[in-house]
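Everything on this sheet refers to the single structure shown next.
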Amino acid sequence: MLKKIYLGDLFRMISLMKKKKWIYILVLILSCGVNATSNIISAYVNKNVISAAESGKMYFLISGAVLAVIAFLMGCIIFPMCIYLKVRIIKHVLVKIKLDLFKHIEKLPISYYENSHSGELMSRLINDVNSMENAYNDQMQMIGVGGIGSTITMISLDWRLAIITIIMGVISARIDISYSSPLRKIANNIQNSLGILNQHLSDILSGFCTARMFNISSLITDRFINESNIIAGQTIERAKKNSQLSCINYISGVLSMVGIYIVGAFMVTKNMLDFSTVVAIVALQKGVNFMFLNLGNFFVQLQSSLAGASRIFEILDEAIEKEGYMVNGNIPENSMIALRNVRFAYKGQSTILKNFNLKVSKNSIVALVGASGVGKSTIIKFLLGFYEVNYGEITIGEKLISEYTLKELRELMAYVPQDAYLFDGTIEENIRYGKMDASKDEIIEAARLANAHDFIMKMPNKYSTKVGEGGVKLSGGQKQCISIARAFIKNSPIILLDEATSALDSESEQLAQKGLKDLMKGRTALVIAHRLTTIKNADMICVIEGGKIAEYGKHEDLIRKSGRYMSLYSMYAD
């Protein structure tokens, strides 16, 4: 039989229906009952018609006609109604599952996103959820269709022929179930391959410019084609297994029916049974065989759906981002940001920060410099609540970081990264994301302060101009200015700049730098800089090396020291 975890997946899949599961189960039982009852009635219709022909009694013919009308009404009214209700429930449930899954994905910590491909997540959200529809719609129906009532009725008519049918059915079901494990493995491989295929497709669509620039379009496309061929091979293998099963089931059904006919005919010739009963049992035999075949098919076909469901459960079981981080400490006087004795290492990697200490006074500008990989951006991730330190103390404003929820913490900060991301929509919409209830006048003022208003007004649709996916229709400088406008309108007391102008050309940088300078006025700013000429006027510059601050001071003082900062300045200054 199936492993316990698979049954657990099945029960959990049903539990996702929540309040609707009881209505769904009731409809399922009703439709199965109607199907089974129709099969039994049809058997008695055959028996009564033949009995009427043999005996010449109208009673049998009339009763057969009445039963036929009942079966007709059940098939035309009750069964279609059950199917409609079932499909309606399933569609509503699948929409809810997708919504719940999406909401859960939104709440996952940043570390999950950094270790997962967007294409894989899309595959789980779409392909895996859709695979569950077959289980809810068809495969769950297989559990109860056609058999228990037919079996009981067959036994009441003649237990000897019933035993033959049951034995053949059990053998057939056992063979089907033996296919469940390899089919589950194939289904898992197909779902995983679909995730990889989505990854390649996402890479092709997102990186088409880079692919063409480096003439690697054929290489990227070959990966997509190769994965498509792998999926095709896996699908063919699944079809091969299913074909083998269909052949076995067909042979089993024919042998069972022939066996009933031979044994039944022999019993009729010996006056052990009447012919009408044999005909009724043959009709019931189809229902009994169908029950056992569906029992086997249920376990076999359900594997594909459970493969998708288990991948969904993997995401739902991922711990969501905490509301806040329990990092304690004492609040230094006159500090807006303070880190004390902080230690941190990414999972499976060596320690980045070792007993790190930093104090950023209120309304001051502190710059962090150093080689790549020393932990500059990691510090910003701490402040935004993306990661929790392994050890140490962090305070923001007049409170410990553990006293904030992540929502409260992020409201205190406006973040401008190196590569500003704009959502597909208008310029106005992208600025408004900083403050959703902002008026049009506030948006325009924020754009003016960020030096974005002039170039926006030169565009055909001005603030209603579509930026395209990721802001692809705008230049790097324009995107960054809109990102700065978004930070302006948020009006947070803390500004975090992560190499905000390092990817821009000189003209775009000058445009953005003016906006950043105005943005930092009267606010506390923590700046990560690669171009050291942009931080000459910082109140304090901290050089990070070996997981600690190796040097700190103003630009002129550090130049005079001719230490590590001087070496970096000589290397990276324009």
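The values are calculated or read from the model by the stated rules, or taken from the named source; none is laboratory data. The shown structure was predicted, so the numbers you read here are calculated from the model rather than taken from an experiment. Here the Cβ positions follow ideal geometry from the backbone for every residue, glycine too, while neighbour counts run over all protein chains shown. Accessible surface areas use protein heavy atoms only, side chains included; no ligands, DNA or RNA. Shrake-Rupley method; radii C 1.70, N 1.55, O 1.52, S 1.80 Å.
Hey, with R₀ at 60 Å, roughly what FRET efficiency would I29 and R560 work out to, going by the Cβ-Cβ distance, to 0.05?
That gives a FRET efficiency of 0.10.
Once amide H atoms are placed 1.01 Å from N in the peptide plane, what residues at a sequence separation of 5 or more from K548, or on another chain, have their amide H within under 5 Å of its amide H?
The list, which skips near neighbours in sequence, is K354.
Find the accessible area per residue for the stretch 333-375; the probe is 1.4 Å, ligands and nucleic acids are left out, and the unit is Å². Working shown, then result.
Working: 2160 Å² over 43 residues.
Normalised by residue count, the accessible surface of the stretch 333-375 is 50 Å².
If you average the alpha carbon positions of the stretch 346-399 and of the stretch 522-560, how far apart do those two centres end up, in angstrom?
Using only Cα atoms to place each centre, the spacing works out to 14 Å.
Quick one: which residues, 5 or more positions from I396 or on another chain, have an amide H under 5 Å from its amide H? H modelled 1.01 Å from N in the peptide plane, none for Pro or chain starts.
Those lying under 5 Å, H to H, from I396 are I401.
Can you give me the distance in nm between label points at F423 and K514, each placed 7 Å from the Cα along the Cα-to-Cβ direction?
Placing both labels 7 Å along Cα→Cβ, they lie 3.0 nm apart.
What is the calculated FRET efficiency for I78 to A319, with r their C-beta to C-beta distance and R₀ = 56 Å, to the nearest 0.05? Intermediate results must be reported in sequence, preceding the final value.
Details: r = 46 Å, r/R0 = 0.83.
Calculated value: 0.75.
Once you place label points 7 Å from the Cα toward the Cβ at D454 and K57, how far apart are they in nm?
Each label point is offset 7 Å from its Cα along the Cβ direction, giving 10.5 nm.
Can you compute the modelled spin-label distance between Y433 and I251, with each label point 7 Å from Cα toward Cβ, in nm?
6.1
Can you figure out the FRET efficiency of A232 with I110, using R₀ = 41 Å and their beta-carbon distance, to the nearest 0.05?
On the way: r = 36 Å, r/R0 = 0.88.
Rounded to the nearest 0.05, the efficiency is 0.70.
Give, in nm to one decimal, the length gained when the segment between M571 and K20 is fully stretched (0.36 nm per residue of separation minus the Cα-Cα distance). Before the final figure, lay out the partial values.
Details: separation 551, 0.36 × 551 = 198.36 nm, distance 6.54 nm.
Contour length minus the Cα-Cα distance gives 191.8 nm.
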